[in-house]
Amino acid sequence: MDTMLDPIDALKSDHEAVKVVLGNLDGYLKKIGGQVSDPLRKNLINQLNEITSFIDKDLEIHFKKEENALFPVLGNYIGIETGPIHVMLIEHEQSRQLSKEFKNAISEYLSNNKYENIVSSGDSLIQLLSEHIDKENNILFNMAEMQLNNEEKNKIMEKMRSIK
């Protein structure tokens, strides 16, 4: 199957982009928590706002591709109410909540210059998403490869393309 038509490959490609953003986030958090000047810290806040935009748009689209295209079809084989898909759905919600906390911490910094919550909530988001990606890449997607036939993959890919 063409990798541009394979939904698992497409989702793994999304994961690679998320890993790059998480790496950038980690670097920014290390800098913002260190001894830096206020102008540099404000510049870092702008970088963090770009990351939150990526999370709000690109990561949310990725989650919707999984939730609305892959999970329902794969769930016919491995279930949704318990097991790996159930765990992934919980982690999607946890990620959304941590993202809100992270944005709130940025707003808090802008009003009181306390950056500690940015670092702690950002670190939590990095840890959750890194572990989540590893689980999907190494467990869930392997299950999908074993269970899904080409026709199902084509339908999943078609559905994924419609998600914006």
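A few points about this structure:
- For GLU91, GLU66, GLU16, order by how many other beta-carbon atoms lie within 10 Å, fewest first: GLU16, GLU91, GLU66
- Chain lengthening between GLN97 and ASN112 when straightened (0.36 nm per residue, less Cα-Cα): 3.2 nm
- Separation of the LYS135 and ILE80 label points, Cα + 7 Å toward Cβ, nm: 1.8 nm
- Counting 0.36 nm for each residue step from MET146 to ASP9 and taking away their Cα separation leaves a gain of 47.9 nm.
- Stokes-Einstein, applied to the Kirkwood radius of region 46-164 over Cα pairs at a viscosity of 1.002 mPa s and 20 °C, places its translational diffusion at 137 µm² s⁻¹.
- Straight-line reach from LYS114: taking Cα to Cα under 18 Å and skipping same-chain neighbours fewer than 8 places apart, the lysines in range are LYS30, LYS31, LYS42, LYS100, LYS103.
- Sorted by Cβ density within 10 Å, fewest first, the residues ASP134, ASP14, ASP123: ASP134, ASP123, ASP14
Computed from the coordinates by the stated procedures, all read-outs in this text should not be read as laboratory data. All values reported here derive from a predicted model rather than from experimental measurement. Cβ coordinates were reconstructed from backbone atoms using ideal geometry, including for glycine residues, and neighbour counts include every protein chain displayed.
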